[in-house]
Every structure is written in C-alpha cells, then in structure tokens.
Amino acid sequence: MPTPNPSRKREGDQWPGLVNKDGQRWHYLDTAATAQKPQVVIDAMARAMGADYATVHRGVYTRSAEMTLAYETARRKVAALIGGREEELVFTRGATEAINLVAQSWGVANLKPGDRVLLSQLEHHSNIVPWQLIRDRTGLEIDICPITEDGRIDLDAAERMLTPAHKLVAFAHVSNVLGSVLDAPRAVRLAHDVGAKILLDGCQSAARLPVDVAALGCDFYVFSAHKLYGPTGIGALWAKAEILSVMAPWQGGGSMIDRVTFAETTWAPAPQRFEAGTPAIVEAIAFGAAADFLAANGLAEIHAHEARLVALARAELGRLNAVRLFGPADSAGIVSFALEGVHPHDLGTILDEENVAIRAGHHCAQPLMEHLGVPATARASFGIYSDESDVAALVRGIERTLRIFG
C-alpha cells in the first residue's frame, strides 16, 4: 500500500479543491488533465494579485522593481526544477504555445522541402498539429514512429527510421494516455546521431519524474504550470542557450525589443525577445511557488508514490473481467482502460455520482485511439494528494457501473 503522504494531511486546508461544497471528500483522478492547487500556490497567487501587485520591467518605483525581481526569481525556480538556467527558459501561455513557438520560429527558419520530422504514434495533438502547419508552409515530411505492444515509443523502430534528412524528433516524455515513459537519454542520442534536434513534451513528466535537461542533452523541453500544481494560462519553453540566441521572435510588441524606429526594430536578448507584451506576472510567480512545492516534496518521492498507486489500481482493475487495461505496468501516474459494453462517457457520469472524477474521451490523442481500436478510453490519473482510498472509490464505482449495465 502507498505510504502516508504528508502533503495529503488536513486536505481541506492544504488542498481546498479536494473537498466538495457539501464537505464530502472528492476523489479527484484527473490530475493528468490539470492538477489541484496546494494552498501555498493559491496564497502566492493571491499575494501577487493583491498586496504585492505592480507591473514588471517598466516601472521605476519600488514595488515595480520588487515585482520584477519576484517574476525573474520565478523564472529561475522553474528553470532549476528541470535542471536548466534562467536565461534558457521562456514563459509561454502553456506547452501548446511553447511547441508552436518552436515550430514558428526555429521550424520556419530551419526546415525546408525534403527535410523530415519524426513524431510518434502516441503524441498529443499539441505535438502533431503545429508540425502539420509547418509542413504545409515548408514542404517538409512527417514520419510516425510506432509504439510497442505495451505502449512505449519504439526506439528500435526510431533508430531504423532516422536518417540525415531528419532535422527534428518531437516525442512525449510521458504519454498523456498510456503513462508510458520514454527512454529519453536514448531518444536524444538517436536524434543527435543523425544531426537532428529533439523536442521533449514534458507536460506529464515535469510533475512526476526528476528531470535534468542538461544531463539529458535535449534541445527543447516544454511543459505547463497547471499540470504541476500551478496556475493555468502559463507554461514554459526550455531550450539550449545557443539555439535560443539565434531564434527569431514569433510575436512582436512591447518588452521584446531593444530599439524601435519606423525603419527598423532590434530585439532584446533571449528569453525576453519571446515574451511580447505585459506578461502573466501573477501566474509566473505562482508557477515559481509550484516549483518550490515540487522541489520540497521531491520528484523522486512523488514518482514512487504514484507508482505504488498505479500498481494498486492496475491490480484491482485487472481482477475485473470486463476491464481492458492499456499501457505498460510501470506507467507514470496514469491508468487508461476501457469497460466492455460501457462507453467511457457513461462510466464517467456514473463515477461522478460517486464523487469520483476521471477523464473520458480521446485525450487529444485521436491517432492513438485509432491505433488502439477504440473511440475513447477512461483515464484515472494520480497526483501527490492521491491515496489508496481514491483507488477503492474508483473500483466501487466501476463495479456499480457494471451492475447497472449488466
């Protein structure tokens, strides 16, 4: 059984979102979509929005200078969470915008007809559609790496597929549907062996696994704050400094410039040149608080905690004949499944009556659903606040569903 989790205690104080309006416990199993927020993050956001609030980078008054320092400190904290440096980290509206930034800036400048990009069968739409848009503009070709029988990106196949024509590999570090963990060091080596850059989608890994981008050697890493216990509307692109320094800005406006005339504009250095306009000041500071929270709890400990819950959930669901499990046994914090004769949306509705929240649908991974031969799956995903009572509630709800549809 999972060991007690100190961050779970006094959940009404620490995790206000885990208690329903009637005071009942809410069994929240949709962390892969968005994580609940600890009170420390909520408090940081409230202070930044209220007593500490001022604009950044532009004011000469004291509070503006203090807010600027807090904003840039948040950048340093978020970068450090994944082993990067602050000058390598760009704040974006989320991982989706981060991938689009890479595609529209680095991609437009570096990809041409005849070049190839390698994606995988399990990618989120956010790591598919931006490359299709660039394909339509540049004439590049997109190749799709298959997945193994247990739902991992097949790196043996990737090794066979990669050629010097491949300029970019873009893979999910952890699948948002299957929870399968990419062998990232090997993926980086394979990409670099043919001279390709590699982008890792870290949305599901940054809050679950210890990540060190410097040690990995990847070229781009993207993630969103709201999946790692921070606010919505902000995320990050990490990129190697030598790559960022030669990338052109994607959006123009205030803050990202050095000097503007009607004849010519020169750009601020990275990362500022990629942050046009007034930034998400409050969200960035709360993002930094979320990074502190994760660092204090330990990513290795969080991963071990979630791994125990995944093992328990898969064992409990595996004893039900009507349940089909997807993904590997050692998935990171995510268990996807289908219930024979029951659409995932119907299951989700019945579970909601039991105070259990899961995700039901294609999870923004329609090509993967087609590969699995299902229109949708049910997905239970865990967080630092999850425990065995959530698994028990899930199983009870599924058993009730089977009786209803039996």
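The values are calculated or read from the model by the stated rules, or taken from the named source; none is laboratory data. Since the model is a prediction, treat every value here as computed from it, not as a measurement. Here the Cβ is made from the backbone with ideal geometry for all residues, glycine too, and neighbour counts use every protein chain on show. These area figures cover heavy atoms from the full protein model, side chains too; ligands, DNA and RNA do not enter into them. Shrake-Rupley method; radii C 1.70, N 1.55, O 1.52, S 1.80 Å.
Here are the numbers:
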item: Accessible solvent surface per residue of the range 275-359, calculated while the other protein chains remain in place, 1.4 angstrom probe, Å²; result: 38
item: Lysine pairs with alpha-carbon atoms under 13 Å apart, the chain, spacing 8 or more or separate chains; result: 4
item: For LYS77, solvent-accessible area (1.4 Å; no DNA, RNA or ligand), Å²; result: 70
item: Rounded D (µm²/s) - the chain, Kirkwood Rh over Cα pairs, Stokes-Einstein at 25 °C, 0.890 mPa s; result: 111
item: Derived scalar couplings ³J(HN,Hα) [the range 272-288; Karplus, 6.51 cos²θ - 1.76 cosθ + 1.60; whole Hz; x for Gly, Pro]; result: 4, 5, 9, 10, 5, x, 5, x, 7, 4, 4, 5, 4, 5, 5, 4, x
item: Cα gyration tensor category, rounded, prolate or oblate, for the range 140-240 with a/c compared to 1.5; result: prolate
item: Percent carbon-and-sulfur accessible area, the chain, ignoring ligands, DNA and RNA, probe 1.4 Å; result: 52
item: Computed E for ALA295/ARG63 - FRET, C-beta separation, R0 30 angstrom, nearest 0.05; result: 0.65
item: About the Cα centre, charge dipole magnitude for the range 157-218 (Lys/Arg +1, Asp/Glu -1 at Cβ), debye; result: 100
item: Zone residues, the range 96-118, relative to GLU141, backbone N less than 11 Å from point 7 Å out along Cα-to-Cβ; result: 114-117
item: Heavy atoms of HIS57 accessible to a 1.4 Å probe, total area in Å² rounded to 10; result: 80
item: Residues of the range 173-268: accessible area per residue with a 1.4 Å probe, Å²; result: 37
item: Percent RCO, i.e. relative contact order, over the range 83-158, from Cα pairs under 8 Å lying at least 6 residues apart; result: 29
item: Estimated distance in nm for a label pair at ALA109 and THR261, the labels positioned 7 Å out from Cα along Cα-to-Cβ; result: 2.3
item: Dipole magnitude (debye, nearest 20) for the range 216-274, charges at Cβ of Lys, Arg, Asp, Glu; result: 160
item: Value of Rg to Rh for the range 275-360 (Rh from inverse mean 1/r over Cα pairs, i.e. Kirkwood); result: 1.14
item: Per residue accessible area of the range 1-152, 1.4 Å probe, in Å²; result: 47
item: Antiparallel DSSP beta bridges within the chain, as percent of all bridges there, nearest 5; result: 60
item: Overall form of the range 89-186 per C-alpha gyration tensor (a/c, 1.5; a/b vs b/c); result: oblate
item: The chain: calculated mean residue ellipticity at 222 nm from DSSP helix runs of at least 4, using -39500 (n - 2.57); result: -11000 deg cm²/dmol
